[in-house]
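Encoded as structure tokens, the structure appears first; notes follow it.
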Amino acid sequence: MSRIGVFICHCGENISATVDCERVAREASLMEGVLYSIDYKYMCSDPGQNLIKEAIKEHNLNGVVVAACSPRMHEPTFRNACAEAGLNPYMCEIANLREHVSWVHEKGDATTQKAIDLVRMLVEKVKNNKPLLPITVPVTRRALVLGGGIGGIQASLDIANAGHQVILVERDPSIGGHMSQLSETFPTLDCSQCILTPRMVEVARHPNITLITYAELESLEGFIGNFKAKIRKKAKSIDEKLCTGCGLCTTKCPNKKIPSEFNEGLGTRTAIYIPFPQAVPNKPVIDKTQCTYYTKGKCRLCEKTCPAQAIRLDQEDEILEFDVGAVVLATGFNVKGTDFFPEYGYGNYQDVITGLQFERLASASGPTLGEIRRPSDGKIPEKIVFVACAGSRDPAKGIEYCSKICCMYIAKHAMLYKHKVHQGNAYVFYMDIRAGGKMYEEFVRRAIEEDDVKYIRGRVSRIYERNGKLIVKGADTLMGGKPIEIDADMVVLATAGVASPKAEELAQKVHVSYDQHNFYAEAHPKLKPVETNTAGIFLAGSCQAPKDIPETVAMASGAASKVIGLFSNSELKRDPSIAVVNRMPPPTYTTCVGCGLCVTACPYQAIQLEDIKDRKGNVVKRAAYVNPGLCQGCGTCVAFCRSKSIDIEGYTSQQIVAEISALLNDE
Amino acid sequence: MPLAVYPGCSLTGSSREYMESVEQILKTFEIPYTFVEDWNCCGATAAHNLNRKVAEALPARIIALAEKQGADEILVPCAACYNRLKSSQKKMDEDKVLKGQLSEMVGMPLDNGIKILNVLEVIEQSIVPKLNEKIQAPLNFKAACYYGCLLVRPGNVLNFDREEDPQSMDRIVEILGATPVKWSFKTECCGAGFTVSRTDIVSRLSGDILIDAVEHGAQALIVACPMCHANLDMRRKDIEKATGRKFDIPVIYLTQAIGMALGIDHQKLGLNRHFVPVSI
Amino acid sequence: MSESLNRQPSLSEKVAEITGISVNKCYQCGKCSAGCPVANDMDYSPSLIMRMLQTDDPQEEEKILRSYSIWLCLSCEMCYCRCPMSIDIPSIMDALRQKAYSEKKVNPKAKKIIAFHESFLDSIKWTGRLYEIGLVATYKLKTLDLLKDVELAPKMYLKGKLNILPEKMHGLKNVSGLFKKSK
Amino acid sequence: MDFEPKIVAFVCNWCTYAGADLTGTSRIKYPVNVRIVRFPCTGRIDFMLLLKAFDEGADGIIVSGCHPNDCHYTSGNFHARRRWMIFRNLIDFVGIDIRRVAFSWVSAAEGAKWAEVVTDTVGKIKELGPYSEYHQISKSFDGGAK
Amino acid sequence: MIKAMKNKSLELLTSQEVRVVIGYEKGTKCSTRPSFFFLPEDIERMVFDEECKNNLAVYLTKENIKNYGRLAIIANDKTLQSIVKLISENQIREDNLFVLTPGSEDGQVIVLNSIEEIKSFVNKSIPSQKEPDSVDELVARIRKMSREERWKYWQDEFARCIRCYACRAACPLCYCTRCTVESSQPQWVPVASHVLGNMEWHIIRAMHMSGRCTDCGACAEACPVNINLQALTRVVRESIQDEFNLTTEEYLEGNNVLSSFKPNDNETFIR
């Protein structure tokens, strides 16, 4: 006998503005099996939840339907409330009246009717619900952090300092990420390397952190608390234990003209190289794509030179396996190159550079030792133009979003230039100055007021070369769109911040959602900013969207605290929505005939065939068995099963058919 | 079906050498063609400035005529006419009601499926594959390929190659033996329709183009638009007055350049009709 | 309140009706003005015209229609090609010109430009094609700029670039008819 | 009165359901005719449920999930895709109107696409009219046996 | 050949290697019918010729036959193909089975003991080019119809179905102990003989055959009201081979192609 309570939330006016909530409650009360129904302003609020709890107790309800916002938002809230009132939480279902009704339809009868239909659908579902008990699974208290930029470093240190093991994996030969490339940082103008390198060293020395550089995630299987990660450790072609990091090999390598990634192509490196002097670990790797030995089969100069005999030219990639309980993605971002802009010369002008290249020019450790010299002829530019939004906020050719960090770093660049080239002229073409942040606006004002950087409000239409100058054609919209031409010596494009080139591939490997720009999707834009839709996988830094350093660090600490929270128990409870193969009394035992189709289809290898024995121990049948620890509840097996012997708790065929039937029969 | 050719007004009047050279190379490469019979003016800039409907109807009539002749493809050497025909075709593609109205206005059925080709497309598709073997007198000069506006913009209608730095003409010129120069004014506007009414603007804009070409070492400008040619060639005196500089750089139609490389008599290519003598 | 309910459609709305383009897409970056070959000769730059349209202020709208800018636009499409929001400004300019022309609000400085366009269209109307001598003759009559290009024509004639008589076409009626139907 | 079709949408929890949530969060409007049934994964969607929906009176069905390679469960959508392919061919062969079953991939980030899918499907089903052919045999059965 | 077949069967029965041989005997009219041979003297009745078309694999999954343990089966091509599928679906154990089948040479009998042997034998015997048969002609005829005509055609066909489930009983691959139609929670298909449930039943049957059906035609053969059920399974099988680009060998490989996939499978119908 169903004793169901229906609770209709107004969500302030979010639902009630288009749905007649009172009528929904009224109609619900007439539905078969519904004992109690009521509407209320904010069902998720304390009084709202109490309303549910009291009704459960008072009317001895055995099923609850809450019609409110998306179940993806408050299903746990309401299920907990039910549990507190003594009702099994899986006897509570949510009808989505906000995201799927009130926010997408106009006010009217049809909209209210849809709301009623959805309530009826879930009432019928609840009638077929069964109390379920959560599954407990053990937690491996070891975290995997992918990406060794400032985000990954911060997350690793936080987790390690809380006493847990961390595997930190970095794709490049050294950790440090983009932050290690920066000269000074806004709004304080303190030196990036000076604040970063101590942290890098701390990571390397931390007893709880295993640092694996020059490595990438090969695969990730399993689920929260119980992941199995395979890491491909690319061959560095050296024996790291023997190598002392003396660097002699790098001086002897004949292949010296390779554009340096660390210097954004403005400097060169050798084929065996340490990316930068402060690298961690400070040991070289051989770039197999460039090394003469690997490309042409001879050379081996480094091998002959190495005093420690640490060169291993026959080294192969290694696959390392780890059991981990949580994963932090901190894979960072990338910037678009200058070749991306047709009107700025398709990358043909050497002296049109990106912001990241300018960082290297301004950095004391950079190719010019911190002097601002233009790449083409090494001259110190007398006129320099900074172009904001080069690709950002440009739906036609670039990306529609704002890259967020450019306004600030452009101001910083212009300032650094003026500090280094006192007689020089710096121009900034901008559309809006977005300087929200502590001391940010003040910083930009300083660039304008104290350092006399000329800010011109307008976008640059074209850059072309004439007589060794770069002609920048812009306009001053504050002067009514008056065209302006500047014959600059160098142009810096604040190119858009975009997702890492392999972001999509990684997302698919670990099964997290990502947006159309390949940035990783947080579980909720406001309330779950570091979680992903996949439990146990967290986000830190600009892999989620472009971010500056303070934000990245804050997010990394946030992700770390989520991991530490998860590791605070040795077990965790998991949603019992998993597949189950029916079992019956003898002589049937089960209707499963053991055809094994589900076994081959299961993405988690959670199903196997087992022998069913009678009381005497004779094997009477072979049938499928679902390992509850491995099953994730996708239900692919259910759709395959011909004899309908397997079903998924919470989404049983009986429940779904009841839903469909309720939806379509509204008379 | 032979290729239909729409000459347009300029190519039968002030820019007849362009048509002459187009015909010369079509004949040399044995590409059968017929003119669109009883063609009318495309309306050019004047029509879309003053009268939207006329601006759409005039090209529609030309499309209808060509289709009536049974042609699948129509070559429009004049960049301005090409631009008008293409944009009319796109509008009709997007708006079936408009297509119906226009069909009624011109009193002819309109399928609008005909493929409208500019001179570069015809050259790339039918001439380039056989070009190498026919070259008699390779060109031996540095050429600035000038594309102008109407051939490349708007990109979403014309689907030309790189909008800001197109390459198709450069590639052809290279086959002819000339050296295409890298320069910055490939697609800047020459002043176009203002040749009579605002000669001062034309002189300034065309002057900028000549200056940039010359400074990048070009010995000839290669064009594919009669308006560009008129401004850069016939307005040379005005340009020199406006810029205070002398220019002897000739302006040659791409088809003329091909004819020259093929060894065709300069007179047949209409080179004698230029104001600035072609002596390279 | 009642005023806003009964108000006349603004110029931007009329433009949207003709072209299907919303001026609200413009975020005033100024890239159109920066790349426009004739922006310096204009009284209002292209981006400023867009801004004026956005205001829906009748006074600004009047200024637009009476501006020289709309007639100076060469339709070179540079602005459209580079606009980050893909706004077809040349089509907006077409619509504004036709509006100004039909409402007889043409800027006096644009007389020559319009005279040329008119002469051009007249030529098509009467001969179906462009008759260059006719065009220039009509233009000179309209502008009284009789000495314009006097040395150009003989040279063109000598180079064989001028037709003395207009070409004849059969479908002339058909073409002239298009003008009538477009009224 | 205008024909208002009944459309059932079978969607997966992780992509399309979340995408439809985003449609709401973005306040993009779409026709009211569609009702969403939530599944853990498109892999779970039994083909028989589609027949069930027509049987119960649906005029059209939307089936939607994660794009290939984006499945929360790795491969549920790949399995589903194969199944749909065969099912579609079979029911087309027996004369069921496959124009009434719309398959789509809508990710959690594609709120606008969800609105487009619904709007287009509703428009199409409105053109096709009620699925009386199928409903008639359902009714004749209900009348006789139930 | 029948001689060799009889000899081998006799040998297996007398040596008690198997407890039963499933084969054919002469029918009441001139045709042949399946028969079980338990005793050496029964072998006398055994026949095997072109007329022996029944797919004997259907008996292999029956509970009482399975209880005999080791057995031998006389297999024609259809039976062989079904056996491959049954082994891969864990329904019979290869080590319990002797498969007797005519070899390529006259009078030769081959004994196949493992799935691998059967597979390679089956693959060799697949004709490269199949002549269109009456089912193909029917499928082609139906495909040419408008959708409305197809609907009408099948509605008329399904209306004749009496839900005797002979199709199910005759099919070697319909071995479930509880069929979908017998599941009552939920009631997937109405049990009464009515065109709605009949249509649903036949769609379900064809779908459940997808990736498995060996096209033996036993279902259509068994149908007392002559509905051409093979057309449905044929369409399913063809679309699997076409859409997923499979050769007949790959299709018959054993593993169900629906429980596998390729990331770049055709998806033109998905928006």
Check the straight Cα-Cα distances from residue A:404 and name the lysines below 19 Å, setting aside those fewer than 8 residues away within the same chain. A:336, A:412, A:438, A:526, A:547
Lysines whose Cα lies under 18 Å from that of residue B:27, excluding same-chain neighbours fewer than 8 positions away: B:130, B:134, B:268
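For the residues A:478, A:539, what sequence is obtained by ranking on other C-beta atoms within 10 Å, fewest first?
Values: A:478 13, A:539 31.
Fewest to most other Cβ atoms nearby, the residues stand as A:478, A:539.
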Hz values of 3J(HN,Hα) by residue in the range B:57-66 - Karplus curve (6.51, -1.76, 1.60), Gly and Pro given as x: 6, 4, x, 4, 5, 5, 4, 4, 4, 5
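Which longest run of chain C has no exposed loop site in it, a site being GluC sites (Glu not before Pro) in a DSSP loop with at most 15 other beta carbons within 10 Å, and the site itself not part of the run? Each step should come with its number before you reach the end.
On the way: sites that count: C:103, C:151, C:167.
The segment C:1-102 is the longest one with no such site.
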Protection-proxy order for peptides B:29-37, D:32-40, each taking the mean of Cβ atoms within 10 Å per residue, highest first: D:32-40, B:29-37
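List the equivalent ellipsoid semi-axes of the protein assembly as shown in whole Å, largest first, each obtained as the square root of 5λ for an eigenvalue λ of the Cα gyration tensor.
Working: eigenvalues 887, 387, 280 Å².
Gyration-tensor ellipsoid for the protein assembly as shown: 67, 44, 37 Å.
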Bridge type composition, chain E - antiparallel percent by DSSP, nearest 5: 65
Folded to 0 to 90 degrees: helix A:109-127 orientation relative to chain A principal axis, Cα: 70
Which whole number of Å³ per residue matches the convex hull of the alpha-carbon atoms in the range B:1-151? 123
Return the long-range amide H neighbours of residue B:42 (sequence gap of 5 or more, or a different chain), with a cut-off of under 5 Å between placed amide H atoms. B:9
Any chance you could tell me what percent of the C-alpha pair distances in chain B go past 28 Å? 34
Given charges of +1 on the Cβ of Lys and Arg and -1 on the Cβ of Asp and Glu, with all other atoms neutral, how large is the dipole of the range E:2-125 about its Cα centre, in debye to the nearest 20? 340
Listing A:660, E:227 by rising number of other beta-carbon atoms within 10 angstrom, fewest first, gives E:227, A:660
Peptide B:203-214 - average C-beta neighbours from other chains (10 Å radius): 1
With respect to the cross-link table entries B:99/C:168; A:41/A:562; C:125/C:180; B:96/C:99, which display a Cα-Cα separation exceeding 21 Å? B:99/C:168; A:41/A:562; B:96/C:99
In the structure shown, of A:473/C:111; B:186/C:148; D:6/D:126; E:78/E:130; C:14/C:63; B:86/C:14, the pairs separated by more than 19 angstrom at the C-alpha atoms are A:473/C:111; B:186/C:148; B:86/C:14
Which aspartates and glutamates does residue A:57 reach when only Cα atoms under 19 Å apart count, and residues fewer than 8 places away in its own chain are ignored? A:39, A:46, A:84, A:93
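Expressed as cubic angstrom per residue, what is the convex hull volume of the alpha carbon set of the range B:113-205? Intermediate values should be presented prior to the final figure.
Details: hull volume 12.8 nm³, N = 93.
Per residue, the Cα convex hull of the range B:113-205 comes to 138 Å³.
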Rounded to whole angstroms and listed largest first, the alpha-carbon spread of the range C:1-73 along its three principal axes comes to 44, 24, 20
When you look at the Cβ of every residue in B:262-274, what mean number of other chain Cβ atoms sits within 10 Å? 1
Euclidean distance of C-alpha centroids, the range B:205-280 and the range A:332-403, integer Å: 37
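Which value results for Rg/Rh of chain C when Rg is the Cα radius of gyration and Rh the Kirkwood radius based on the inverse mean 1/r? Could you put the intermediate results ahead of the total?
Details: Rg = 19.6 Å, Rh = 18.7 Å.
Rg divided by Rh gives 1.05.
In Å, the Kirkwood hydrodynamic radius of the range A:465-523 over pairs of distinct alpha carbons?
Details: mean 1/r = 0.0656 Å⁻¹.
In the range A:465-523 this quantity evaluates to 15.2 Å.
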Compare the Cα positions of B:169, B:270, B:258 along the charge dipole of chain B (+1 at Cβ of Lys, Arg; -1 at Cβ of Asp, Glu; about the Cα centre) and return the one farthest towards the positive end. B:270
Can you give me the C-alpha center-to-center distance between the range E:130-194 and the range A:470-503, rounded to a whole angstrom? 68
Answer in debye to the nearest 20: the dipole magnitude of the range A:317-398 about its Cα centre, from +1 Lys/Arg and -1 Asp/Glu charges placed on Cβ, is 600
With N residues in the range D:7-141, Rg(alpha-carbon) / (2.2 N^0.38 Å) equals 1.02
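If you scale each eigenvalue of the Cα gyration tensor by 5 and take the root, what three semi-axes come out for the range A:314-446, rounded to whole angstrom and sorted largest first?
Details: eigenvalues 189, 91, 67 Å².
So the three semi-axes of the range A:314-446 are 31, 21, 18 Å.
Treating only the Cβ atoms of Lys and Arg (+1) and Asp and Glu (-1) as charged, compute the dipole magnitude of the range E:134-259 about its Cα centre; round to the nearest 20 debye. Kindly include the intermediate steps, with their values, before the conclusion.
Details: 14 positive and 16 negative charges, 96 e Å.
Value, rounded to 20: 460 debye.
At a 10 Å Cβ-Cβ cut-off, how would you order A:276, B:160, fewest neighbours first? Show your work: numbers first, answer last.
Working: A:276 22, B:160 18.
By the 10 Å Cβ count, ascending, the order reads B:160, A:276.
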Calculated from backbone phi, Karplus (6.51, -1.76, 1.60) coupling profile of the range E:247-261 in Hz, x at Gly/Pro: 7, 4, 4, 4, 5, 7, 3, x, 5, 6, 5, 6, 8, 10, 6
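Please give me, ordered by residue number, the trypsin sites (Lys or Arg not before Pro) of the range C:57-136 that lie in loop per DSSP and have at most 10 other Cβ atoms within 10 Å. It would help to have the intermediate numbers written out before the result.
Values: sites: C:63, C:66, C:82, C:97, C:99, C:104, C:105, C:109, C:111, C:112, C:125, C:129; in loops: C:66, C:104, C:105, C:129.
Listed in order of number, the matching sites are C:104.
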Percent breakdown of C-alpha pair distances by 10 Å bin, ordered from the shortest bin, for chain A: 3, 13, 18, 20, 18, 14, 10, 5, 1, 0
Extreme residue, positive dipole direction of the protein assembly as shown, given options A:219, C:89, E:18 (C-beta unit charges): C:89
Which one of A:363, E:4, A:636 has its Cα pushed farthest toward the positive end of the charge dipole of the protein assembly as shown, where Lys and Arg give +1 and Asp and Glu give -1 at the Cβ? A:363
Using Cα-Cα distances under 8 Å and only pairs 6 or more residues apart, what relative contact order does chain C have, in percent? 17
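When averaged across all projection directions, what area in nm² does the alpha-carbon convex hull of chain E cover?
On the way: hull surface 67.2 nm².
Computed as one quarter of the Cα hull surface, the answer is 16.8 nm².
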Amide proton proximity set for residue B:253, modelled H, under 5 Å, gap of 5+: B:223
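Kirkwood-based Rg over Rh for the range E:2-125 (C-alpha set), two decimals?
Ratio of gyration radius to Kirkwood radius for the range E:2-125: 0.93.
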Residue by residue through the range E:236-243, the couplings from Karplus 6.51 cos²θ - 1.76 cosθ + 1.60 with θ = phi - 60°, in Hz, x for Gly and Pro, are 4, 5, 4, 5, 5, 5, 6, 5
Treating the Cα atoms of the range E:134-259 as identical point scatterers in vacuum, please give the log10 of the normalised Debye intensity I(q)/I(0) at q = 0.20 Å⁻¹, two decimals. -1.27
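Bear in mind these aren't lab numbers, they're just calculated from the coordinates by the rules spelled out. Please read these numbers as outputs of a predicted model, since none were measured by experiment. When we count neighbours, we look across all protein chains shown, and the Cβ atoms used for this are built from the backbone with ideal geometry, even at glycine.
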